[in-house]
Amino acid sequence: MPHATADDGVKLAYEETGHGTPVVFVHEFAGDLRSWEPQLRHFARRYRCVAYNARGYPPSDVPPTPDAYSQARAADDIAAVMDHLGIATAHIVGLSMGGFATLHFGFRHAARARSLTVAGCGYGADPERRDDFFAECDAVVAFIRANGMQVFAERYAVGPSRVQFQARDPRGFAEFIRQLAEHSPLGSVNTQLGVQRRRPSLYDLTDEMAALHVPTMILTGDEDWPCLLPGVLMKRHIPTAALAVMPNCGHAINLEDPDGFNRIVGDFLAQVDAARWPTRDPRAVSESATGMR
């Protein structure tokens, strides 16, 4: 598999398919580039599609310590893949951990983003539950270290926002577990410690959101409870953001309902490419419901 090289020398394995305007897909913690197969098959018919494995996900390199992983590096690794492929600007589509990376790519590399699709983004953001979030990250690390990836995959896959995938598509769900079990335990632990646990709360990034003028689609499942209110937060503060909520869906929305996901993202990309994506009228954000006070 070909690879790009990040600025610290870490190699990032990638695949590309199709021709046209570039779209870069950024995977979640429990996924890898294979998680985007329904999107690669669909969007490659009209776009140049790129998906890559984050650092810590073989065949990408697995740096041995958490200090080689961070939210900033996750965003900059998107740019490294683009640089390697000679891509100046692209639509960036990310889910969960990849959604956070996509948002931060917008903060750090706005001029290189044609658009941002920030999907399933928000877990751990609630400022009143940050300690719970840290404890869950620590529990994930301890479980992987004690039990290995196969047992972890079987346990993690039936979390509250993933059972919807199991009910909707048992065959796809089984494939998801098999692929998660193949991940590097060291890479998964270091990703939890270096990226997930250390990332800032979205509620501390509202100034950065307000300064972001890249066309943005916020996308979440209606049963992905940790991401619903953060989705509203991003919608409210990013002046070029729309919010779409997919019905009866949990966290893995691109796999649970690929047709719905592809339709929403495809319509969004088409509007952006046609220069028809709006910036919100500031009069639409008010404490008054009627504008009469």
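Miscellaneous remarks
- Verdict on Ser70 being in contact (Cβ under 8 Å) with a residue 24 or more places away in the chain, surrounded by fewer than 18 Cβ atoms within 10 Å (Cβ to Cβ) and within 16 Å of the chain's Cα centre (by Cα): yes
- Selection count where residues are surrounded by 17 or more Cβ atoms within 10 Å (Cβ to Cβ) and in a loop (DSSP other than H, G, I, E, B), scope region 4-20: 3
- Condition met for Ile87 (in contact (Cβ under 8 Å) with a residue 60 or more places away in the chain and more than 11 Å from Val26 (Cβ to Cβ)): yes
- Considering region 118-137, the residues that are exposed (fewer than 14 other Cβ atoms within 10 Å of the Cβ) and touching a residue at least 40 places away in the same chain (Cβ under 8 Å) include one that is nearest to Pro230 (Cα to Cα), namely Pro127.
- In region 204-232, the residues that are of a type in the set (Gly, Ala, Ser) and either under 17 Å from Thr279 (Cα atoms) or surrounded by fewer than 15 Cβ atoms within 10 Å (Cβ to Cβ) (or both): Ala210, Ala211
- Residues located in region 36-69, provided they are of a type in the set (Ser, Thr, Tyr) and closer than 20 Å to His3 by Cβ: Tyr52, Tyr57, Ser60, Tyr69
- Condition check for Gly31: at pLDDT 95 or above and at positive phi: no
- Residue within region 138-145 that is within 20 Å of the chain's Cα centre (by Cα), assigned to a helix (DSSP H, G or I) and surrounded by 16 or more Cβ atoms within 10 Å (Cβ to Cβ) present: yes
- Matching option when the condition is surrounded by 17 or more Cβ atoms within 10 Å (Cβ to Cβ), at positive phi and polar (S, T, N, Q), among Ser161, Ser115, Ser96: Ser96
- Yes/no for Gly86 being under 24 Å from Ala274 (Cα atoms), surrounded by fewer than 23 Cβ atoms within 10 Å (Cβ to Cβ) and in contact with a helix residue (DSSP H, G or I) (Cβ under 8 Å, 6 or more places away or on another chain): no
- Any hit, region 204-215, residues being farther than 30 Å from Pro63 by Cα and among the charged types (D, E, K, R): yes
- Evaluated against (1) modelled with pLDDT of 95 or more; (2) over 14 Å from the mean Cα position of the chain (by Cα), Gly122 falls short on exactly one condition, (2).
- Any hit, region 181-193, residues being over 29 Å from Ala146 (Cα atoms) and under 16 Å from the mean Cα position of the chain (by Cα): no
- Counted residues, region 160-174 - those being within 20 Å of the chain's Cα centre (by Cα) and either in contact (Cβ under 8 Å) with a residue 60 or more places away in the chain or farther than 20 Å from Asp224 by Cβ (or both): 7
The values are calculated or read from the model by the stated rules, or taken from the named source; none is laboratory data. In this text the structure is predicted, and so the values were computed from the model without any measurement. Quick reminder, even Gly has a Cβ in these numbers, built from the backbone with ideal geometry, and neighbours come from all protein chains shown.
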